[in-house]
Amino acid sequence: MAKSDPFAPKPADKFTFGLWTVGNPGADPFGGPTREKLEPAKIVELLGDVPGVHGVNFHDNDLIPIDATDAEANQIKKDFRKALKRTGLKVPMATTDLFRDPVFKDGAFTSNDAEIRAYAVQKVMRAMELGAEFGAKTYVFWGGREGAESDATKDPVVAIKRMREAIDFLCQYSIDRKFGYRFAFEAKPNEPRGHIYNAVTGSYLAFIQTLKHPEMCGVNPEMAHEHMAGLNFVHQVAAALEAGKLFHIDLNDQEFGRFDQDYRFGSISYKHSFFLVKLLVDYKYDGLKHFDSHAFRQSNYDDVKAFARGSMRTYKILEHKVKQFNKDKDIQKLLRQINRKSKAAEQLVSKYSKSNANALLEREFDRKKLAERPLPYEELDQRVFDLMMGV
Ligand code: GCO
Ligand code: MN
Ligand code: MN
């Protein structure tokens, strides 16, 4: 009997892919597609061949082309629903394509044209309905065209106000229609716009607090987006987790500072990926883990399946490494040594009181001695490398 794979993913892991990710036909700005375009039902079948997938997400127009007739739309939905039934895949997240059509060339919610802004809100209302038809409970907002190439063209303060107006409207609509959605905002610094508003996850964490319904709004951070800007993704996700706002996550990879590469999760940044998984495990994130990446342009659809299997396998292997890290006696000893406790010091600053403030002002600290306490960070960091390499 074959030994069971300890890294085999299960639907309970909540790994998801998008119609637009595994169905990506390989086009780039310099060349056309290298794979045939697959119908939505075919993409579901493809994912069905990959064991352990939880679900498939879509933009409204990944499922129904923007100019489809009602009859065409109904047929596509029928085929898609059948494929979901056959494969047991769920549709946990839906989103809107507010970037592909020329009408959105200057943005959707932040467009300078009031009629386009209204059209964008209407398009989301309809797309929310479509997502709800298939059971989606998370609704992602990625403002790919909400930005500018030149700040001569749009007032960035007005842009924030327009964005808020649209989101407040849509929150109330979701509540009225009892869709039960939680909104997840996805930041990106650039591409396709020269500059995109709300460039990092932290921007959205602040924006959410200004909304009429902050409780139903959170974020969908994407690894590649923060890496494009040279930022530490783990810290952005930590901020979201700490605020109770990590509603969804887009996993992929990217060389720092390059164009938007959408590589397979874990394929570039081994160490950052490890610490990301560690964060999600340690803080018990049990939400959706969406692989927002696509296979190399050279791949055929068999290799796309290998890409999907690999994405989940990498996550499971890193999860195993995290458990090893958390159990490793030497590592844990080093961590205890580094995190020095002092009841007296902690009591003084944990809560403000006049007497604490006075006692703190009186206290003598031996600055030189404190500075001399060892911090064996080199040793600890090397242990992480050994552990990851299996040495
Ligand atoms: C990108 C984004 C998108 C969004 C998607 C869902 O860089 O193109 O990551 O893939 O995640 O539109 O909102
Ligand atoms: Mn992206
Ligand atoms: Mn994304």
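One table, with the values for the structure above:
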| quantity | calculated |
| --- | --- |
| Karplus-derived 3J(HN,Hα), 6.51/-1.76/1.60, for each residue of the stretch 221-231, Hz, glycine and proline x | x, 10, 3, 4, 5, 6, 5, 4, 8, x, 9 |
| Most fluctuating residue given options His54, His290, His213, as computed from a GNM of the chain linking Cα atoms under 10 Å | His213 |
| Radius ratio Rg over Rh of the stretch 213-360, counting only Cα atoms, Kirkwood formula for Rh | 1.10 |
| Cα-Cα over 26 Å, subset of Lys14/Lys85; Lys105/Lys245; Lys10/Lys123; Lys188/Lys245; Lys37/Lys123 | Lys105/Lys245; Lys10/Lys123 |
| Whole-number percent relative contact order across the chain, with pairs defined as alpha carbons under 8 Å at least 6 apart | 14 percent |
| Residues with amide H under 5 Å from that of Ala68, placed H, sequence gap 5 or more | none |
| Using θ = phi - 60° and Karplus 6.51 cos²θ - 1.76 cosθ + 1.60, couplings along the stretch 137-143 (whole Hz; Gly, Pro as x) | 10, 10, 10, 9, 10, 10, x |
| Of every Cα-Cα pair in the stretch 346-391, the percent that sits beyond 15 Å | 66 percent |
| For the stretch 352-375 and the stretch 105-167, distance of Cα centres in Å | 51 Å |
| Residues of the stretch 326-391: accessible area per residue with a 1.4 Å probe, Å² | 91 Å² |
| Helix axis angle, 270-282 relative to the chain longest principal axis, alpha carbon, degrees | 80 degrees |
| DSSP-defined antiparallel bridges as percent of all bridges, the chain, nearest 5 | 15 percent |
| Per residue accessible area of the stretch 255-294, 1.4 Å probe, in Å² | 48 Å² |
| Lysines with Cα under 24 Å of Lys333, excluding same-chain neighbours fewer than 8 positions away | Lys271, Lys278, Lys284, Lys321, Lys323, Lys341, Lys343, Lys369 |
| Highest to lowest packing among 138-151, 376-389, scored as the average C-beta count within 10 Å | 138-151, 376-389 |
| Interchain or long-range residues, amide H under 5 Å from Lys90's placed H | Gly55, Val56 |
| Separation between Cα centres of the stretch 37-70 and the stretch 232-263, rounded to whole Å | 25 Å |
| Over the chain, volume per residue of the alpha carbon convex hull, in Å³ | 197 Å³ |
| Whole-Hz couplings from phi, Karplus 6.51/-1.76/1.60, listed for the stretch 332-343; x for Gly and Pro | 5, 5, 4, 5, 5, 5, 6, 8, 6, 9, 7, 3 |
| Computed Rg/Rh of the stretch 235-320, alpha carbon atoms with Kirkwood Rh | 0.98 |
| Whole-percent carbon and sulfur share, accessible surface of the chain, 1.4 Å | 54 percent |
| Å² per residue, accessible surface of the stretch 93-172 at 1.4 Å | 44 Å² |
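The values are calculated or read from the model by the stated rules, or taken from the named source; none is laboratory data. Given the structure is predicted, the values throughout are model-derived calculations rather than measurements. Note that we place each Cβ from the backbone using ideal geometry, even for glycine, and neighbour counts take in every protein chain shown. When the accessible area is computed, the model is the full protein with side chains, heavy atoms only, and any ligands, DNA or RNA have been set aside. Shrake-Rupley method; radii C 1.70, N 1.55, O 1.52, S 1.80 Å.
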